[in-house]
Amino acid sequence: SYIRVNIRELVISARRVAQGKYDQPIKIHAQDELEQLASAMDEMRLKLKAREDELTHISQTDGLTGLKNRKFFDEALTLRLASSSRNETAISLVMMDIDHFKEINDQHGHQAGDICLSLTAKLFRSIFKRKTDVVARYGGEEFVAILDGLSLEDSLEQTERLRSLIEQQQMSHHDNSIAITASFGLAWLRPGDAASANDLLELADIMLYQAKNGGGNLI
């Protein structure tokens, strides 16, 4: 009876791990070989959880900048809009494009371009740093941020801080000092209003296009 009870518990634990449920430790009331088996299985559970967490992180992260990637952003925006509609809270979408990025690549090489992207991403993350903020590399030299619960004025103020911070940077590469600026499109959804992810993205993109057409380094 003692063996049957413990083996049954180990089987239940093994099935739980097989289903991807790693949070519950594997323990049995024993002090023999079965206890050693339970300990080995629990070690396996922890290693599987760590490996799966790492794979999840890799699948959601842009390899160059360390920000979230486009796939993660698309899913997050849909979820945040649903939450905004349900709770009647504001949501802001900031879209940023590095000015004259092609010229940086052409004149200084792709390594300089990568340094520019990494530096800009670091500045982006330094401003939009709340736990609820979602910052991601949208593609190429474009970055996006989802800001929950901020007024339009606060969203604009934070974005202006980022624009100014980037403008003050001088990137060094092979003894060359390279100036960086960026343009921004800001879309804001009022509490109680509804919009699809495509609606908000299209509006932010239109605003970004206007900033670029205005000479860049604008919001």
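The values are calculated or read from the model by the stated rules, or taken from the named source; none is laboratory data. Model, not experiment: these values are computed from the prediction. Note that we place each Cβ from the backbone using ideal geometry, even for glycine, and neighbour counts take in every protein chain shown. Note: accessible area is taken over every heavy atom of the protein model, side chains too, but ligands, DNA and RNA are not part of it. Shrake-Rupley method; radii C 1.70, N 1.55, O 1.52, S 1.80 Å.
A few notes on this one:
- Of residues in the range 44-99 being over 19 Å from residue 133 (Cβ atoms) and among the basic types (Lys, Arg), the one farthest from the chain's Cα centre (by Cα): 45
- From the options 27, 68, residue that is of a type in the set (Lys, Arg) and at pLDDT 95 or above: 68
- Pairs, first free of Cβ contacts under 8 Å to residues at least 60 places away in the same chain in the range 119-143, second crowded, with 16+ Cβ neighbours inside 10 Å and among the aromatic types (Phe, Trp, Tyr), C-beta under 8 Å, six or more apart: 121/143; 124/143; 140/101; 141/101
- Pairs, first closer than 14 Å to residue 51 by Cβ in the range 16-28, second modelled with pLDDT of 90 or more and surrounded by 15 or more Cβ atoms within 10 Å (Cβ to Cβ), C-beta under 6 Å, six or more apart: 17/45; 22/45
- Any chance residue 61 is polar (S, T, N, Q) and at pLDDT below 95: yes
- Residue that is surrounded by the fewest Cβ atoms within 10 Å (Cβ to Cβ), among those in the range 117-136 that are within 13 Å of the chain's Cα centre (by Cα) and among the hydrophobic types (A, V, I, L, M, F, W, C): 121
- Entry remark, the range 183-200: residues being of a type outside the set (Lys, Arg) and open to solvent by 20 Å² or more (accessible area, probe 1.4 Å) number 11 in total.
Condition check ((1) at pLDDT below 95; (2) closer than 20 Å to residue 150 by Cβ; (3) open to solvent by less than 50 Å² (accessible area, probe 1.4 Å)) across all residues:
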| position | (1), (2), (3) |
| --- | --- |
| 176 | yes, no, no |
| 181 | no, no, yes |
| 202 | no, no, no |
| 216 | no, no, yes |
